[in-house]
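As C-alpha coordinates, the structure follows; a few thoughts come after it.
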Amino acid sequence: MLGQVTLSDFTNWRGESIPSLTLTYQVAGPALGSAPIVLVCHALTGNSAVAGPEGWWAKLIGPGQTIDTTRYTILSIDIPGNEYAGSAPLDDPSLLSVRDVARLWLFVLRELRVDHLYALIGPSLGGGIAWQIATLEPTLAEYLFPIATDYKASDWLLAQTEVQRLILDHSDRPIHDARVHAMLTYRTPKSLIGRFEGKTTDSGLPKVLDWLDYHGRTLEGRFSLSAYRVMTFLTSTIYAAENEKELARIASHIHLVAIDSDRLFPYFIARETIERLRGSGKEHAELHTIVSDHGHDAFLIEYDQLCRIMRPFFP
(Lines give C-alpha, C1' and ligand atoms only; values in the text may rest on other atoms or scores of the structure.)
Protein backbone atom coordinates (compact mmCIF):
# COMPACT_ATOMS: atom_id res chain seq x y z
CA MET A 1 0.00 0.00 0.00
CA LEU A 2 1.27 3.46 -0.91
CA GLY A 3 1.75 6.01 1.82
CA GLN A 4 1.78 9.72 1.07
CA VAL A 5 3.51 12.78 2.45
CA THR A 6 2.76 16.29 1.16
CA LEU A 7 5.22 19.15 1.33
CA SER A 8 4.35 22.82 0.82
CA ASP A 9 6.48 25.66 -0.53
CA PHE A 10 9.54 23.69 -1.64
CA THR A 11 12.33 25.71 -3.27
CA ASN A 12 13.99 23.85 -6.12
CA TRP A 13 17.50 24.04 -7.59
CA ARG A 14 16.58 27.06 -9.70
CA GLY A 15 15.27 29.00 -6.71
CA GLU A 16 11.65 28.52 -7.76
CA SER A 17 8.95 27.92 -5.16
CA ILE A 18 6.79 24.84 -5.71
CA PRO A 19 3.49 25.31 -3.84
CA SER A 20 2.86 21.62 -3.15
CA LEU A 21 4.48 18.25 -3.80
CA THR A 22 3.06 14.89 -2.76
CA LEU A 23 5.52 12.03 -2.36
CA THR A 24 4.53 8.37 -2.27
CA TYR A 25 6.36 5.59 -0.47
CA GLN A 26 6.08 1.93 0.50
CA VAL A 27 7.21 -0.05 3.53
CA ALA A 28 7.97 -3.77 3.38
CA GLY A 29 8.68 -5.99 6.34
CA PRO A 30 8.35 -5.02 10.02
CA ALA A 31 6.74 -1.71 10.88
CA LEU A 32 8.95 1.36 10.95
CA GLY A 33 10.77 1.61 14.26
CA SER A 34 10.58 -2.11 15.05
CA ALA A 35 13.60 -3.33 13.03
CA PRO A 36 16.71 -1.93 11.29
CA ILE A 37 15.64 0.26 8.39
CA VAL A 38 16.99 -0.01 4.85
CA LEU A 39 16.21 2.86 2.48
CA VAL A 40 16.25 1.69 -1.15
CA CYS A 41 16.58 4.38 -3.83
CA HIS A 42 15.03 3.11 -7.04
CA ALA A 43 16.59 3.08 -10.50
CA LEU A 44 15.44 5.03 -13.57
CA THR A 45 12.51 2.82 -14.58
CA GLY A 46 11.95 1.48 -11.06
CA ASN A 47 9.59 2.63 -8.32
CA SER A 48 8.78 2.10 -4.65
CA ALA A 49 7.67 -1.51 -5.27
CA VAL A 50 10.99 -3.09 -4.29
CA ALA A 51 10.02 -6.42 -2.75
CA GLY A 52 7.11 -8.84 -3.15
CA PRO A 53 5.46 -10.28 -6.27
CA GLU A 54 5.73 -6.99 -8.19
CA GLY A 55 9.07 -5.97 -6.71
CA TRP A 56 11.72 -5.01 -9.25
CA TRP A 57 14.48 -6.11 -6.82
CA ALA A 58 12.67 -9.12 -5.34
CA LYS A 59 15.60 -11.45 -6.02
CA LEU A 60 17.68 -9.42 -3.56
CA ILE A 61 15.04 -8.14 -1.13
CA GLY A 62 12.17 -10.15 0.37
CA PRO A 63 11.29 -12.93 2.82
CA GLY A 64 14.25 -15.29 3.03
CA GLN A 65 16.27 -13.28 0.51
CA THR A 66 19.69 -11.72 1.11
CA ILE A 67 18.04 -8.61 2.56
CA ASP A 68 15.38 -10.48 4.52
CA THR A 69 12.14 -8.58 5.04
CA THR A 70 11.42 -10.62 8.16
CA ARG A 71 14.49 -9.01 9.75
CA TYR A 72 14.79 -5.60 8.07
CA THR A 73 12.26 -2.87 7.34
CA ILE A 74 12.49 -1.74 3.72
CA LEU A 75 11.48 1.83 2.92
CA SER A 76 11.37 3.04 -0.67
CA ILE A 77 10.15 6.44 -1.88
CA ASP A 78 9.03 7.27 -5.40
CA ILE A 79 10.89 9.92 -7.35
CA PRO A 80 8.37 12.72 -7.93
CA GLY A 81 7.18 12.57 -11.51
CA ASN A 82 7.71 8.83 -12.02
CA GLU A 83 3.89 8.56 -12.08
CA TYR A 84 3.89 5.21 -10.31
CA ALA A 85 0.39 3.98 -9.43
CA GLY A 86 -1.15 7.11 -10.87
CA SER A 87 0.92 9.62 -8.91
CA ALA A 88 1.03 13.13 -10.32
CA PRO A 89 3.24 13.95 -13.32
CA LEU A 90 5.64 16.87 -13.43
CA ASP A 91 4.79 19.36 -16.16
CA ASP A 92 8.42 20.47 -16.36
CA PRO A 93 10.95 17.61 -16.65
CA SER A 94 13.74 19.85 -15.34
CA LEU A 95 11.80 20.99 -12.27
CA LEU A 96 13.86 18.91 -9.84
CA SER A 97 17.51 17.91 -9.59
CA VAL A 98 18.92 14.86 -7.82
CA ARG A 99 19.80 17.14 -4.91
CA ASP A 100 16.17 18.27 -4.75
CA VAL A 101 14.97 14.65 -4.74
CA ALA A 102 17.37 13.84 -1.89
CA ARG A 103 16.09 16.83 0.10
CA LEU A 104 12.51 15.75 -0.48
CA TRP A 105 13.22 12.21 0.63
CA LEU A 106 14.92 13.49 3.79
CA PHE A 107 11.71 15.43 4.46
CA VAL A 108 9.75 12.17 4.15
CA LEU A 109 12.13 10.50 6.60
CA ARG A 110 11.56 13.29 9.12
CA GLU A 111 7.79 13.02 8.68
CA LEU A 112 8.03 9.27 9.30
CA ARG A 113 10.25 9.90 12.37
CA VAL A 114 13.16 8.01 10.84
CA ASP A 115 16.41 9.51 12.13
CA HIS A 116 18.75 6.57 11.49
CA LEU A 117 19.17 4.02 8.72
CA TYR A 118 20.92 0.70 8.95
CA ALA A 119 21.65 0.90 5.23
CA LEU A 120 21.17 3.28 2.32
CA ILE A 121 21.15 1.47 -1.03
CA GLY A 122 20.65 2.54 -4.62
CA PRO A 123 21.54 1.28 -8.10
CA SER A 124 22.23 3.50 -11.13
CA LEU A 125 20.24 6.75 -10.81
CA GLY A 126 19.15 5.54 -7.37
CA GLY A 127 22.80 5.22 -6.40
CA GLY A 128 23.37 8.85 -7.36
CA ILE A 129 20.48 9.80 -5.06
CA ALA A 130 21.94 7.63 -2.29
CA TRP A 131 25.30 9.41 -2.61
CA GLN A 132 23.47 12.75 -2.42
CA ILE A 133 21.47 11.81 0.69
CA ALA A 134 24.68 10.67 2.38
CA THR A 135 26.45 13.96 1.66
CA LEU A 136 23.49 15.98 2.94
CA GLU A 137 23.17 13.85 6.09
CA PRO A 138 26.61 12.27 6.65
CA THR A 139 25.65 10.44 9.88
CA LEU A 140 22.25 9.14 8.76
CA ALA A 141 23.20 5.63 7.60
CA GLU A 142 25.46 3.01 9.11
CA TYR A 143 26.15 1.52 5.66
CA LEU A 144 26.08 3.14 2.22
CA PHE A 145 25.82 0.90 -0.87
CA PRO A 146 25.99 2.83 -4.16
CA ILE A 147 25.62 0.22 -6.92
CA ALA A 148 26.54 0.67 -10.61
CA THR A 149 26.73 4.44 -10.24
CA ASP A 150 28.93 7.50 -9.72
CA TYR A 151 28.68 10.33 -7.21
CA LYS A 152 28.67 12.84 -10.05
CA ALA A 153 27.76 12.65 -13.71
CA SER A 154 30.77 12.10 -15.93
CA ASP A 155 31.12 13.74 -19.33
CA TRP A 156 30.29 10.33 -20.81
CA LEU A 157 27.05 10.11 -18.83
CA LEU A 158 26.12 13.68 -19.76
CA ALA A 159 26.65 12.82 -23.43
CA GLN A 160 24.42 9.75 -23.17
CA THR A 161 21.63 11.64 -21.40
CA GLU A 162 21.80 14.33 -24.09
CA VAL A 163 21.27 11.71 -26.79
CA GLN A 164 18.31 10.42 -24.78
CA ARG A 165 16.89 13.95 -24.55
CA LEU A 166 17.25 14.51 -28.29
CA ILE A 167 15.46 11.25 -29.06
CA LEU A 168 12.65 12.06 -26.61
CA ASP A 169 12.23 15.51 -28.12
CA HIS A 170 12.40 14.60 -31.81
CA SER A 171 11.47 10.97 -32.42
CA ASP A 172 8.06 9.87 -33.69
CA ARG A 173 8.24 7.00 -31.15
CA PRO A 174 10.15 8.74 -28.38
CA ILE A 175 9.92 6.18 -25.55
CA HIS A 176 10.49 3.20 -27.85
CA ASP A 177 13.47 4.75 -29.60
CA ALA A 178 15.04 6.17 -26.44
CA ARG A 179 14.78 2.75 -24.83
CA VAL A 180 16.43 1.11 -27.84
CA HIS A 181 19.36 3.51 -27.51
CA ALA A 182 19.47 3.02 -23.74
CA MET A 183 19.70 -0.76 -24.05
CA LEU A 184 22.90 -0.33 -26.07
CA THR A 185 24.42 1.59 -23.15
CA TYR A 186 23.07 -0.84 -20.54
CA ARG A 187 24.54 -3.89 -22.30
CA THR A 188 27.84 -4.61 -24.06
CA PRO A 189 28.89 -5.87 -27.51
CA LYS A 190 30.04 -9.13 -25.94
CA SER A 191 26.69 -9.58 -24.20
CA LEU A 192 24.61 -9.12 -27.36
CA ILE A 193 26.94 -11.02 -29.70
CA GLY A 194 27.13 -13.92 -27.27
CA ARG A 195 23.39 -13.99 -26.77
CA PHE A 196 22.16 -13.77 -30.37
CA GLU A 197 25.06 -15.24 -32.41
CA GLY A 198 23.73 -13.73 -35.62
CA LYS A 199 20.44 -15.68 -35.41
CA THR A 200 17.23 -14.52 -37.06
CA THR A 201 13.53 -14.88 -36.32
CA ASP A 202 11.24 -17.02 -38.49
CA SER A 203 10.52 -13.91 -40.56
CA GLY A 204 14.23 -13.31 -41.16
CA LEU A 205 14.63 -10.37 -38.79
CA PRO A 206 17.88 -10.42 -36.80
CA LYS A 207 16.94 -11.55 -33.30
CA VAL A 208 18.91 -8.69 -31.77
CA LEU A 209 16.63 -6.19 -33.54
CA ASP A 210 13.54 -8.10 -32.42
CA TRP A 211 14.89 -7.95 -28.84
CA LEU A 212 15.47 -4.21 -29.04
CA ASP A 213 11.98 -3.65 -30.41
CA TYR A 214 10.54 -5.76 -27.58
CA HIS A 215 12.22 -3.61 -24.95
CA GLY A 216 11.06 -0.44 -26.65
CA ARG A 217 7.45 -1.64 -26.88
CA THR A 218 7.48 -2.91 -23.30
CA LEU A 219 8.56 0.44 -21.91
CA GLU A 220 5.97 2.22 -24.05
CA GLY A 221 3.36 0.12 -22.29
CA ARG A 222 4.35 1.01 -18.75
CA PHE A 223 6.07 4.39 -18.81
CA SER A 224 4.82 7.81 -19.86
CA LEU A 225 6.81 10.26 -21.95
CA SER A 226 6.74 12.90 -19.21
CA ALA A 227 8.07 10.41 -16.62
CA TYR A 228 10.88 9.26 -18.91
CA ARG A 229 11.87 12.88 -19.52
CA VAL A 230 11.97 13.53 -15.77
CA MET A 231 14.23 10.54 -15.15
CA THR A 232 16.53 11.39 -18.03
CA PHE A 233 17.00 14.93 -16.77
CA LEU A 234 17.63 13.70 -13.23
CA THR A 235 20.38 11.37 -14.42
CA SER A 236 22.20 14.38 -15.86
CA THR A 237 22.09 16.18 -12.48
CA ILE A 238 23.90 13.58 -10.37
CA TYR A 239 26.38 15.71 -8.42
CA ALA A 240 26.68 14.72 -4.77
CA ALA A 241 30.08 16.36 -4.33
CA GLU A 242 32.86 18.10 -6.22
CA ASN A 243 35.45 15.52 -5.22
CA GLU A 244 36.29 12.64 -2.89
CA LYS A 245 37.49 14.96 -0.12
CA GLU A 246 33.89 16.11 0.25
CA LEU A 247 32.65 12.52 0.18
CA ALA A 248 35.08 11.62 2.97
CA ARG A 249 32.81 13.49 5.41
CA ILE A 250 30.28 10.67 5.11
CA ALA A 251 30.38 8.71 8.37
CA SER A 252 28.84 5.56 6.84
CA HIS A 253 30.83 2.48 5.94
CA ILE A 254 30.93 2.89 2.16
CA HIS A 255 30.68 -0.20 -0.02
CA LEU A 256 30.72 0.77 -3.67
CA VAL A 257 29.56 -2.05 -5.95
CA ALA A 258 30.76 -1.67 -9.55
CA ILE A 259 30.45 -3.78 -12.68
CA ASP A 260 33.68 -4.44 -14.56
CA SER A 261 31.97 -4.11 -17.98
CA ASP A 262 29.68 -1.16 -17.18
CA ARG A 263 29.53 1.22 -20.17
CA LEU A 264 27.28 3.81 -18.49
CA PHE A 265 29.15 4.18 -15.19
CA PRO A 266 32.63 2.90 -16.14
CA TYR A 267 34.47 0.67 -13.70
CA PHE A 268 37.67 2.72 -13.74
CA ILE A 269 35.80 5.67 -12.23
CA ALA A 270 34.56 3.53 -9.32
CA ARG A 271 38.09 2.29 -8.70
CA GLU A 272 39.44 5.84 -8.69
CA THR A 273 36.67 6.97 -6.34
CA ILE A 274 37.59 4.39 -3.72
CA GLU A 275 41.32 5.04 -4.10
CA ARG A 276 40.82 8.77 -3.65
CA LEU A 277 38.41 8.29 -0.75
CA ARG A 278 41.04 6.27 1.07
CA GLY A 279 43.63 8.87 0.17
CA SER A 280 41.36 11.49 1.73
CA GLY A 281 41.35 9.62 5.04
CA LYS A 282 38.16 7.58 4.62
CA GLU A 283 39.20 4.20 6.04
CA HIS A 284 35.84 2.48 5.72
CA ALA A 285 35.52 2.57 1.95
CA GLU A 286 35.61 -0.60 -0.10
CA LEU A 287 35.12 -1.51 -3.75
CA HIS A 288 33.24 -4.69 -4.66
CA THR A 289 33.27 -5.96 -8.23
CA ILE A 290 30.61 -7.77 -10.22
CA VAL A 291 32.33 -9.58 -13.09
CA SER A 292 29.99 -9.81 -16.05
CA ASP A 293 29.73 -9.64 -19.82
CA HIS A 294 26.40 -7.83 -19.51
CA GLY A 295 27.44 -4.29 -18.64
CA HIS A 296 25.35 -1.88 -16.58
CA ASP A 297 22.32 -4.18 -16.42
CA ALA A 298 24.36 -6.74 -14.50
CA PHE A 299 22.92 -5.37 -11.24
CA LEU A 300 19.63 -6.87 -12.47
CA ILE A 301 21.16 -10.03 -13.93
CA GLU A 302 24.09 -11.24 -11.82
CA TYR A 303 22.10 -11.87 -8.66
CA ASP A 304 24.39 -14.61 -7.38
CA GLN A 305 27.30 -12.19 -7.32
CA LEU A 306 25.28 -9.25 -5.99
CA CYS A 307 23.80 -11.34 -3.19
CA ARG A 308 27.21 -12.76 -2.30
CA ILE A 309 28.57 -9.22 -1.99
CA MET A 310 25.66 -7.96 0.11
CA ARG A 311 25.06 -11.01 2.33
CA PRO A 312 27.80 -10.42 4.96
CA PHE A 313 26.28 -7.04 5.82
CA PHE A 314 22.73 -8.34 6.36
CA PRO A 315 23.06 -11.19 8.88
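The values are calculated or read from the model by the stated rules, or taken from the named source; none is laboratory data. Remember, predicted model here, so these are calculated numbers, not experimental data. Don't worry about glycine lacking a Cβ; one is built from the backbone with ideal geometry, like all the others, and counts go over all protein chains shown.
A compact table of results
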| quantity | calculated |
| --- | --- |
| Per-region count, the stretch 265-285, residues assigned to a loop (DSSP other than H, G, I, E, B), in contact (Cβ under 8 Å) with a residue 12 or more places away in the chain and over 23 Å from the mean Cα position of the chain (by Cα) | 3 |
| Unique match (being surrounded by fewer than 17 Cβ atoms within 10 Å (Cβ to Cβ), within 29 Å of TRP13 (Cα to Cα) and touching a helix residue (DSSP H, G or I) at 6+ places or on another chain (Cβ under 7 Å)) among LEU90, LEU136, LEU125 | LEU136 |
| For PHE145: the one exception among (1) of a type in the set (Phe, Trp, Tyr); (2) over 19 Å from the mean Cα position of the chain (by Cα); (3) not in a helix (DSSP H, G or I) | (2) |
| Residue in the stretch 222-238 that is surrounded by 20 or more Cβ atoms within 10 Å (Cβ to Cβ) and part of a loop (DSSP other than H, G, I, E, B) present | yes |
| Scope the stretch 1-52; condition free of Cβ contacts under 8 Å to residues at least 60 places away in the same chain, crowded, with 19+ Cβ neighbours inside 10 Å, under 26 Å from ILE238 (Cα atoms) and among the small types (Gly, Ala, Ser); matching residues | SER48, ALA49, ALA51 |
| The stretch 239-253 - residue that is part of a loop (DSSP other than H, G, I, E, B) and aliphatic (A, V, I, L, M) and, of those, nearest to the chain's Cα centre (by Cα) | ALA240 |
| For VAL163: the one exception among (1) within 27 Å of LEU225 (Cβ to Cβ); (2) in a helix (DSSP H, G or I); (3) assigned by TED's automatic domain parsing to the domain that holds GLU283 | (3) |
| Scan of the stretch 266-315 for residues that are out of contact with any strand residue (DSSP E or B) (no Cβ under 7 Å at 6 or more places or on another chain) and of a type in the set (Val, Ile, Thr), ordered by number | ILE269, VAL291, ILE301 |
| Close pairs from the stretch 191-219: first surrounded by 14 or more Cβ atoms within 10 Å (Cβ to Cβ), partner among the acidic types (Asp, Glu), Cβ under 6 Å, at least 6 apart | SER191/ASP293 |
| Selection status of LEU209, in the same structural domain as ILE79 (by TED's automatic domain parsing) and not in a strand (DSSP E or B) | no |
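Yes or no, residue by residue, for (1) farther than 21 Å from ARG311 by Cα; (2) in contact with a strand residue (DSSP E or B) (Cβ under 8 Å, 6 or more places away or on another chain):
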| position | (1), (2) |
| --- | --- |
| LEU2 | yes, yes |
| LEU32 | yes, yes |
| VAL40 | no, yes |
| GLY52 | no, yes |
| LYS59 | no, no |
| THR73 | no, yes |
